[in-house]
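Below is one structure; the comments refer to it alone.
Only the coordinates and a few stated rules stand behind these numbers; no lab work does. What you are looking at is a predicted structure, and each value in this text was computed from that prediction instead of being measured. Neighbour counts are summed over all protein chains in view; Cβ atoms, including those assigned to glycine, are modelled from backbone coordinates with ideal geometry.
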Amino acid sequence: MAAVAADAQTPGSGVGKRIDIKDLNVYYGSFLAVKDVTMTVKPNKVTALIGSSGCGKSTFLRSLNRMHELINGARVEGSVTLDGQNIYAPSMDPVRVRSSIGMVFQQPNPFPTMSIYDNTAAGLKLNSKRIKKDQMDEIVERSLRGAHLWDEVKDRLDKPGAGLSGGQQQRLCIARATAVQPEVLLMDEPCSALDPIATLAIEDLIEEMKRQYTIVIVTHNMQQAARASDITGFFNIKETGDPGVLVEIDETEKIFSNPSLKITEDYVSGRFG
Amino acid sequence: MSDRKLTSAPAPAMPPAGNIADAARGRIPAWGPWAVFAGTAVVLAAILSVIGFNIALLAVGTVLISIFVIFLWARKVEGQRQGLDRGVTLAVTSLFALAMVPLVSLLYTVTSLGISRMDAEFFTSSMRNVLGEGGGILHAAIGTVIITGLATLASVPIGIMAAVYLHEYGKGKLKRWLTFFVDVMTGIPSIVAGLFAFALFAIFFGPGIRLGVMGSIALTVLMIPIVVRSTEEMLRIVPDGLREASFALGVSKWRTVAKVVLPTALAGIVTGVMLAIARVIGETAPLLITTGVFSSVNLNPFEGRMANLPVFTYNSYKFPGVPPEPYIDRAWGAALVLILIVMVLFLAARFVSRRYGIELRK
Amino acid sequence: MSESTNQTEGTAGPPAGVKTGGPGDRIFSGLATAAGVTILALLAGVAIFLLIEAWPAITAAPEDIPGGDGLISYIAPLAFGTVLAALIAVVFAVPMAVAVALFISHFAPKGLADTLSYLVDLLAAIPSLVYGLWGIAVFGPAVVPLTDWLADNLGFIPFFEGPASTTGRTMLVAGVVLAVMILPIISAVAREVFTQTPRGLQESALALGATRWEMIRMVVLPFGRSAVIAGSMLGLGRALGETMAVTIILSVSGGVTFNLISPSNPSTIAANIALDFPESSGLDVNVLIASGLVLFAITLVVNMIARAVIERGTVDE
């Protein structure tokens with residue numbers, strides 16, 4: 001399996017990009033949800049964001065591919081720069097940003113009216129109408145292989161995506177997201193709705209995928225962050241109504257064994273949250 | 001296992017999809033679409049003033065051409081997919097506006113044509129001994145009140161109790177059949193309901209019979225399914241917790257329904273009834289064939305023909321006397337009154353529902 | 001707009017120990033059951049009485065039926081006209097209703113949704129009689145230039161053969177007015193289902209880099225497809241049974257034809273009854289009732305299919 005994934009590096013993809021976030025403030029209307037975040041998402045690494053519920057980590061994640069804008073009145077101040085381009089520049093079309101920065105959600109949600117094949121190819125068909133069938137076949141296979149799903153579904157590519165188990169559906173969603181070869185992959189609690197075995201399978205997948213992509217994962221499960229990530233950022237919120245802030249971000253090992261701030265240590269040792 | 005060799009084939013002919021540099025294209029300025037609309041309107045108006053002005057053509061033409069122009073412009077500046085997105089957005093918005101045109105036109109027409117008869121005589125006299133000018137709708141209005149009132153009196157208790165049965169007591173076959181047939185009843189064409197009322201009386205009294213109550217029966221057939229459906233909906237909204245709390249206090253089932261559930265749902269039920277009345281009060285077809293035409297006031301629904309607003313309107317318009325203008329005027333006046341009644345009922349129903357109703361918690 | 005969720009007798013059965021046997025309960029539940037039975041009896045009565053009164057026409061000799069050719073040749077052109085007008089209505093109404101519903105659910109500012117829905121529902125409140133008056137007095141004449149143009153330029157298409165009516169009292173106008181009348185019905189069903197499209201699906205599509213329209217096409221429309229079909233059938237059923245708008249608007253003189261813009265049109269079953277009934281006597285009355293029975297049967301079938309589609313749709317979720 002590992003050999004196959006390595007083969008999957010085709011030209012034009014494979015090198016994850018870095019994101020520089022500077023002084024990012026995320027607002028919903030006049031309510032400040034996330035305050036003054038400055039950090040770097042390192043290329044080809046897995047960055048985990050942890051923190052208790054409601055501390056703004058999901059909001060922050062969504063602001064990285066401009067998905068938070070779906071809510072009326074949402075806006076940001078500050079900059080998010082991907083590969084030298086500020087994704088919040090006035091001339092930047094959010095739709096295109098999302099082709100470069102993909103997202104996988106908490107609930108596996110393959111499109112119910114489409115087959116497994118069509119689900120995987122959904123993003124491709126949007127971006128280029130003129131792909132020939134064999135090229136499409138190849139990309140679909142490569143994406144499904146990359147998501148460790150190919151062997152399980154190769155005989156039923158034309159069946160609906162909804163017929164799979166939870167873990168399989170989530171891997172299908174990952175295949176769907178990677179088929180368009182994003183430069184960064186965002187994952188919002190991708191394993192929360194899955195059983196432990198499926199969770200471990202996805203964590204293995206993430207470990208492998210980082211060779212090709214830059215990955216940012218939000219998780220409320222600290223053990224998962226410790227297992228699966230290279231870098232961890234801890235978000236916290238003082239009181240309800242306050243904005244969330246990035247308290248500390250460092251190599252995962254350091255955060256969990258010897259964090260610089262007491263409050264981080266309190267969180268990772270379970271004293272609150 | 002996985003030995004199907006993946007060719008590291010040359011990348012497909014598309015650009016690598018995830019290249020952020022592509023994302024920084026231009027955007028149409030915010031004032032752009034407005035400018036296009038304005039410009040097109042001006043140009044089109046100029047052209048039309050030469051070849052023959054027509055406001056509808058100006059409106060439709062401006063919209064169609066502007067959408068097309070904006071689509072092309074966006075397509076060039078922002079990309080093909082964005083262009084399509086803008087085009088669709090404009091098209092959908094225009095279609096909505098188009099759907100509102102008949103509403104506005106109709107209300108304007110009826111108001112402007114009916115307003116000439118909004119005088120005291122119109123509301124205080126019938127057509128008794130009236131030929132030509134003058135006259136009014138008193139007999140028709142009273143008839144409508146009586147006929148619709150009777151129908152409401154019949155359909156509301158039956159409808160509410162049937163809904164109570166369906167939701168609180170019903171089981172098994174009777175419940176399933178009843179649900180199914182209430183659904184069927186909602187689809188009965190109004191004229192068929194009229195034919196039924198006619199048939200019912202014709203068998204006993206001969207085919208020439210015309211009575212106010214026959215109209216009421218036809219309207220009852222139309223109202224019952226509406227009342228049942230909306231009452232059922234309201235009963236569904238009342239939380240089960242309320243019923244359980246009442247049971248836990250030792251209250252018997254019938255008292256729970258009668259004194260707890262129904263009062264809670266009352267606002268919604270009233271709203272449903274008002275909407276049902278609004279639906280049937282303008283029904284012409286069933287009354288046309290059951291109540292006959294009459295020019296004086298008749299207060300007895302069980303004897304003789306009875307005038308009512310919809311049939312009066314129809315007959316005044318379709319069979320005007322000579323000269324026709326007063327008859328046509330009366331028709332539009334009556335139509336205006338009908339619309340006003342319906343609008344008031346609609347608004348009142350909405351008001352009751354807002355003010356007194358319990359909200360469905362989603 | 002909810003359907004009969006066949007919930008088991010959850011609400012029907014209070015927990016043990018609750019008084020249900022007393023005289024009050026028996027009377028009350030008896031009344032409720034009686035109401036239900038009354039409705040069933042009423043419906044049976046409708047079918048029975050109509051059949052009784054239609055029977056003489058069904059068994060009469062063909063020469064006695066108006067037209068001289070028997071009941072079926074009397075009703076057939078009317079049935080044709082009924083279906084034609086209704087189909088025209090559906091063809092115009094469904095795309096408009098979908099657009100209107102989409103506009104309210106996905107394009108308009110969220111705070112306006114209630115008001116906009118209310119405005120659309122107002123279209124349903126106006127009595128059909130008034131639509132007829134408006135159609136004949138305003139809409140029909142306004143369309144005459146258009147139908148002239150159609151007859152002149154597209155006259156080779158059977159629908160627009162012409163010669164165009166000068167009053168606008170045509171099948172096309174009647175069909176379009178019917179479309180306006182059934183639009184709110186279809187739109188309400190569509191709007192309901194479009195707003196219920198799961199957020200996760202919509203977000204996934206957008207996260208792939210879809211534009212709003214692409215997301216709607218990929219997720220919302222497929223999700224709402226069966227509901228829109230059911231809603232369209234409900235609208236069709238309504239249009240089939242519509243009387244007054246057609247009665248007033250249509251200038252009737254012809255038999256079966258696909259020419260939509262001429263002054264010579266077939267009538268519809270309902271309009272024919274409305275026009276002829278007041279002056280009819282004897283067997284003619286029975287014939288009209290028989291045609292009403294046919295109309296009842298047609299609308300019954302259409303409505304039952306619509307309900308079946310709705311049931312299927314809600315179960316499959």
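Computed quantities for the displayed model
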quantity: Residue count for segment B:104-131, restricted to those that are within 8 Å of another protein chain (Cβ to nearest Cβ) and buried (at least 17 other Cβ atoms within 10 Å of the Cβ); calculated: 4
quantity: Qualifying positions in segment A:143-191 - out of contact with any Phe, Trp or Tyr (no Cβ under 9 Å at 6 or more places or on another chain), basic (Lys, Arg) and in a helix (DSSP H, G or I); calculated: A:Arg145, A:Arg171
quantity: Residue within segment B:154-169 that is more than 25 Å from B:Val260 (Cα to Cα) and not in a loop (DSSP other than H, G, I, E, B) present; calculated: no
quantity: Test: residue in segment B:96-119 that is closer than 30 Å to C:Met304 by Cβ and among the aliphatic types (A, V, I, L, M); calculated: yes
quantity: Qualifying positions in segment A:145-184 - within 12 Å of chain B (Cβ to nearest Cβ) and more than 30 Å from A:Val80 (Cβ to Cβ); calculated: A:Arg145, A:His148, A:Leu149, A:Trp150, A:Asp151, A:Glu152, A:Lys154
quantity: Residue that is farthest from A:Arg98 (Cα to Cα), among those in segment A:112-127 that are within 7 Å of another protein chain (Cβ to nearest Cβ) and in a helix (DSSP H, G or I); calculated: A:Ala122
quantity: Filtered residues of segment C:202-222 (kept if crowded, with 22+ Cβ neighbours inside 10 Å and either within 7 Å of chain A (Cβ to nearest Cβ) or over 32 Å from the mean Cα position of the chain (by Cα) (or both)); calculated: C:Ser204, C:Ala205, C:Leu206, C:Ala207, C:Leu208, C:Gly209, C:Ala210, C:Thr211, C:Met218, C:Val219
quantity: Residue match in segment B:209-218 (condition: more than 13 Å from every other protein chain (Cβ to nearest Cβ), in a loop (DSSP other than H, G, I, E, B) and not small (Gly, Ala, Ser)); calculated: yes
quantity: Unmet criterion (only one of (1) part of a loop (DSSP other than H, G, I, E, B); (2) more than 15 Å from A:Thr47 (Cβ to Cβ)) for A:Glu208; calculated: (1)
quantity: Residue in segment A:253-265 that is surrounded by fewer than 19 Cβ atoms within 10 Å (Cβ to Cβ), within 27 Å of A:Val26 (Cβ to Cβ) and polar (S, T, N, Q) present; calculated: yes
quantity: Subset of segment B:269-284 [part of a helix (DSSP H, G or I) and either without any contact (Cβ under 8 Å) to a residue 12 or more places away in the chain or in contact with a Leu (Cβ under 9 Å, 6 or more places away or on another chain) (or both)]; calculated: B:Ile269, B:Met274, B:Leu275, B:Ala276, B:Ile277, B:Ala278, B:Arg279, B:Val280, B:Ile281
quantity: Criterion violated by A:Arg130 - all others in (1) assigned to a loop (DSSP other than H, G, I, E, B); (2) within 14 Å of chain C (Cβ to nearest Cβ); (3) of a type outside the set (S, T, N, Q) satisfied; calculated: (2)
quantity: Looking only at segment C:182-201, and only at residues there that are farther than 30 Å from A:Lys125 by Cβ and in contact with a helix residue (DSSP H, G or I) (Cβ under 6 Å, 6 or more places away or on another chain), the one that is surrounded by the fewest Cβ atoms within 10 Å (Cβ to Cβ); calculated: C:Ile185
quantity: Residue ID - nearest to the other protein chains (Cβ to nearest Cβ), chosen from residues in segment C:128-154 that are over 20 Å from C:Met181 (Cα atoms) and touching a residue at least 24 places away in the same chain (Cβ under 8 Å); calculated: C:Val144
quantity: Top-ranked residue in segment C:98-127 [being free of Cβ contacts under 8 Å to residues at least 60 places away in the same chain and among the charged types (D, E, K, R); ranked as farthest from the other protein chains (Cβ to nearest Cβ)]; calculated: C:Asp114
quantity: Residue list for segment B:190-201, restricted to those being in contact (Cβ under 8 Å) with a residue 40 or more places away in the chain and at the interface with chain C (Cβ under 7 Å from one of its Cβ atoms); calculated: B:Ser190, B:Ile191, B:Leu195
quantity: Given (1) part of a loop (DSSP other than H, G, I, E, B); (2) more than 7 Å from every other protein chain (Cβ to nearest Cβ); (3) surrounded by fewer than 21 Cβ atoms within 10 Å (Cβ to Cβ), index of the condition A:Pro108 fails; calculated: (3)
